[in-house]
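What follows is a single structure, written as structure tokens, with notes after it.
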Amino acid sequence: NAGVTQTPKFQVLKTGQSMTLQCAQDMNHEYMSWYRQDPGMGLRLIHYSVGAGITDQGEVPNGYNVSRSTTEDFPLRLLSAAPSQTSVYFCASSRRDTPYEQYFGPGTRLTVT
Amino acid sequence: GNSVTQMEGPVTLSEEAFLTINCTYTATGYPSLFWYVQYPGEGLQLLLKATKADDKGSNKGFEATYRKETTSFHLEKGSVQVSDSAVYFCALIPWGAQKLVFGQGTRLTINP
């Protein structure tokens with residue numbers, strides 16, 4: 001089991017560029033989430049999904065899009081990168097009956113210049 | 001609304017010292033409470049949980065007790081090790097909800 005995998009590990013973008021952060025899990029988990037981690041602010045939920053074809057907004061969704069076409073994959077798209085999106089991004093997954101027991105990927109460190 | 005407040009870090013201790021990291025919460029209804037740990041360069045891992053008042057969660061020598069009267073869930077360990085150096089996050093799920101609400105995290109460094 002690979003668990004939750006994320007690519008890339010590091011990325012530098014220029015303002016206005018777009019990109020997709022990849023996330024995949026092999027545990028057949030129904031729930032998947034994207035968080036951003038900023039110093040002194042803990043983790044903030046960007047978007048989440050309770051199953052294939054179903055997504056919803058979290059606390060800080062502006063500037064990001066998601067889709068969930070399969071149970072395994074949950075990519076996060078930055079439409080037009082801004083310096084305020086410089087952060088560490090974590091993808092997580094969990095079973096429907098234990099939504100609190102989230103399995104996190106290793107993270108993607110994104111810098112927008 | 002729902003929120004979690006943790007003690008300010010960073011916290012630096014010597015090996016074998018006693019550890020307390022304070023966590024208080026605000027929530028409607030009866031939330032479930034959690035501590036997550038993030039080791040350097042890794043994602044978060046669930047450390048322990050408590051789902052109702054007076055429950056004590058424990059794992060790897062860490063403990064936390066769900067105190068409804070003080071809305072607290074302080075993390076304790078009797079004798080810390082260098083390998084406990086990490087960032088610790090307190091979190092809650094409101095009753096009937098599915099989304100975790102995290103505190104800001106407390107960085108712990110243990111010196112040999």
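Close amide H partners of B:HIS74, meaning residues 5 or more places away or on another chain with modelled amide H under 5 Å apart, are B:CYS23, B:THR65.
Computing FRET efficiency as 1/(1 + (r/R0)^6) for A:ASP97 and A:ASN1, where r is the C-beta to C-beta distance and R0 is 30 Å, gives about 0.95. Rounded to the nearest whole Hz, the Karplus-based 3J(HN,Hα) values (6.51 cos²θ - 1.76 cosθ + 1.60, θ = phi - 60°) of the stretch B:88-98 follow the sequence 10, 10, 8, 8, 9, 10, x, 4, x, 9, 10, with x at glycine and proline.
If you take the C-alpha gyration tensor of the stretch A:1-46, multiply each eigenvalue by 5 and take the square root, what semi-axes do you get, largest first, in whole Å? Please report the intermediate quantities before stating the final value.
On the way: eigenvalues 100, 52, 20 Å².
So the three semi-axes of the stretch A:1-46 are 22, 16, 10 Å.
Residues whose amide H falls under 5 Å from that of B:SER32, counting only those 5 or more places apart or on a different chain, are B:ILE93, B:TRP95, with hydrogens built in the peptide plane. In terms of overall dimensions, the C-alpha atoms belonging to the stretch B:1-61 reach 38, 24, 22 Å along their principal axes, ordered largest to smallest.
The H on the amide N of B:ASP55, modeled in the peptide plane, is under 5 Å from the matching H of B:TYR66, each at least 5 residues off or on a different chain.
If the viscosity is 0.890 mPa s and the temperature 25 °C, what Stokes-Einstein diffusion coefficient in µm²/s follows for the protein assembly as shown when Rh is the Kirkwood radius over Cα pairs? Mind showing how you got there, number by number?
Numbers: Rh = 18.0 Å.
Value of D from the Cα-based Kirkwood radius: 136 µm²/s.
So for chain B: antiparallel DSSP bridges make up what percent, rounded to the nearest 5?
90
Annotation: the residues B:VAL87, B:VAL4, B:VAL11, sorted from fewest to most other C-beta atoms within 10 Å of their own C-beta, follow the order B:VAL11, B:VAL87, B:VAL4. The distance linking the stretch A:64-113 with the stretch B:1-43 is 22 Å (Cα centroid to Cα centroid, whole angstrom).
Using the Cα gyration tensor of chain A, with a ≥ b ≥ c the square roots of its eigenvalues, what is the shape: rounded (a/c below 1.5), prolate (a/b larger than b/c) or oblate (neither)? It comes out prolate by the Cα gyration axes. The phi torsions of the stretch A:30-43, fed into the Karplus equation with coefficients 6.51, -1.76 and 1.60 and a -60° offset, translate into couplings of 6, 8, 9, 9, 10, 10, 10, 10, 10, x, x, 10, x, 9 Hz, rounded to whole numbers, with Gly and Pro shown as x.
Under the shape rule built on the C-alpha gyration tensor, where the axes satisfy a ≥ b ≥ c, the stretch B:61-107 is oblate, since a/c reaches at least 1.5 while a/b does not exceed b/c. When the GluC sites (Glu not before Pro) in the stretch B:3-112 are filtered for DSSP coil states and for at most 15 other beta-carbon atoms within 10 Å of their beta-carbon, the remaining sites are B:GLU8, B:GLU15, B:GLU16, B:GLU42, B:GLU69.
Output the relative contact order of the stretch A:55-113, whole-number percent, from Cα pairs under 8 angstrom with separation of 6+ residues.
On the way: 69 pairs, mean separation 16.3, N = 59.
For the stretch A:55-113, the relative contact order is 28 percent.
For the stretch B:1-46, the relative contact order comes to 37 percent (Cα pairs under 8 Å, sequence separation of at least 6). In order along the stretch B:30-38, phi translates into HN-Hα couplings of 10, x, 9, 10, 9, 10, 10, 10, 10 Hz, rounded to whole numbers, per the Karplus curve 6.51 cos²θ - 1.76 cosθ + 1.60 with θ = phi - 60° and x for Gly and Pro. Stretched out straight at 0.36 nm per residue, the stretch from A:ASN28 to A:THR86 would grow longer than its current Cα-Cα span by 17.8 nm.
Can you tally the net charge around A:PRO39? Count Lys and Arg as +1, Asp and Glu as -1, for every other residue whose Cβ sits under 15 Å from the Cβ of A:PRO39. Walk me through the numbers before you get to the answer.
On the way: positive: A:ARG36, A:ARG44, A:ARG109, B:ARG107; negative: A:ASP38, B:GLU8.
So the environment of A:PRO39 carries a net charge of +2.
Using only alpha-carbon positions in chain B, the gyration tensor eigenvalues give semi-axes of 24, 14, 12 Å once each is multiplied by 5 and square-rooted (largest first).
In percent, how large is the relative contact order of chain A, given Cα pairs closer than 8 Å and 6 or more residues apart? It rounds to 35 percent for chain A.
A short reminder: the numbers here are calculations on the coordinates, not readings from a lab. Bear in mind the structure is a predicted one, so any value in this text is a computation, not a measurement. Cβ sites come from the backbone with ideal geometry, for glycine too, and all protein chains shown count toward neighbours.
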